[in-house]
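One structure is given below, encoded as structure tokens.
The values are calculated or read from the model by the stated rules, or taken from the named source; none is laboratory data. Everything numeric here is computed off the predicted structure, so don't read it as measured data. Here the Cβ positions follow ideal geometry from the backbone for every residue, glycine too, while neighbour counts run over all protein chains shown. Only protein heavy atoms, including side chains, enter the accessible area calculation; ligands, DNA and RNA are left aside. Shrake-Rupley method; radii C 1.70, N 1.55, O 1.52, S 1.80 Å.
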Amino acid sequence: MAVADPDLPRLLRVMRHAFAAGRGHSPAVAAEAARVLDALPDGQEPVPLTTALSPNDHPSLHQIPEAARRAGPAWTEALTPVARRLPWRFGYAPRPDLPDLQDRMAWAEIVGPAAPIHSDRVGFGLTLIGRDTLYPAHRHPAVELYAVVSGTAAWTLDSVTTQRPPGDFVLHPAQAVHAMRTAQEPLLAIYSWTGDILSPTAYA
Ligand SMILES: [Fe+2]
């Protein structure tokens, strides 16, 4: 039976609004942003959930208040009430050279094949990477679009590294190798997946 969450619609509105700014970027970013927005639920309330949100205490979440504060009042108001009920997880196998990575970063898929809001067409969620953290090189068959919400980090795509401030969009084509490295600020970003959204991500 469908359930609803009182705080999720506001977060989704803020995420959609931020993602819609991608329409003003490069043609490739604009096209992907439009594709994602078209595939998302229409914003009517209540948003039906396939599963109710449940408490989540991933260790990276202590960085949410700072990331939200840096993003501004709309994000603080939208994220604070629901942040600890989102499905945060870390999906990679352990790596001996990065023993605490699973505690330093997580992502929460809000719309997707296994997300609280079901979609077979798109993955849409938040990525949180704590400060001074390397999210090492990885790749996946899905096309990925990020909207940077909070925190300037070094983003690497096909061996080219660029500092990406809030408001920037980063498009990762299918199977392109990419990585991120944060410095003094936690990184909060919206991500989307389209195309082959069922195959997992893997270290490159
Ligand atoms: Fe990715």
Original post:
With the contact rule set at Cα under 8 Å and sequence spacing of 6 or more, what percent relative contact order holds for the chain?
Top reply: 21 percent
Subject >> Sequence-distant residues sharing a close amide H with Ala153 (under 5 Å, placed H) >> reply: Arg164
Subject >> Residue-averaged [θ]222 nm for the chain, counting only DSSP H segments that reach four residues, each worth -39500 (n - 2.57) >> reply: -6000 deg cm²/dmol
Original post:
With all protein chains present, how much of the accessible area of the range 1-155 (probe radius 1.4 Å) comes from carbon and sulfur, to the nearest whole percent?
Top reply: 55 percent
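Ranked highest first by the average count of other Cβ atoms within 10 Å around their residues, in what order do 162-171, 51-60 fall?
On the way: 162-171: 16.2, 51-60: 13.8.
Highest to lowest by the protection proxy: 162-171, 51-60.
Once Rh for the chain is found with the Kirkwood sum over Cα pairs, what is the Stokes-Einstein diffusion coefficient at 4 °C and 1.567 mPa s, in µm²/s? Provide the component values of the computation, followed by the final result.
On the way: Rh = 16.9 Å.
D, rounded to a whole number, is 77 µm²/s.
Determine the per residue accessible area of the range 8-203 with all protein chains present and a 1.4 angstrom probe, expressed in square angstrom. Provide the component values of the computation, followed by the final result.
Working: 8720 Å² over 196 residues.
I get 44 Å² per residue for this part.
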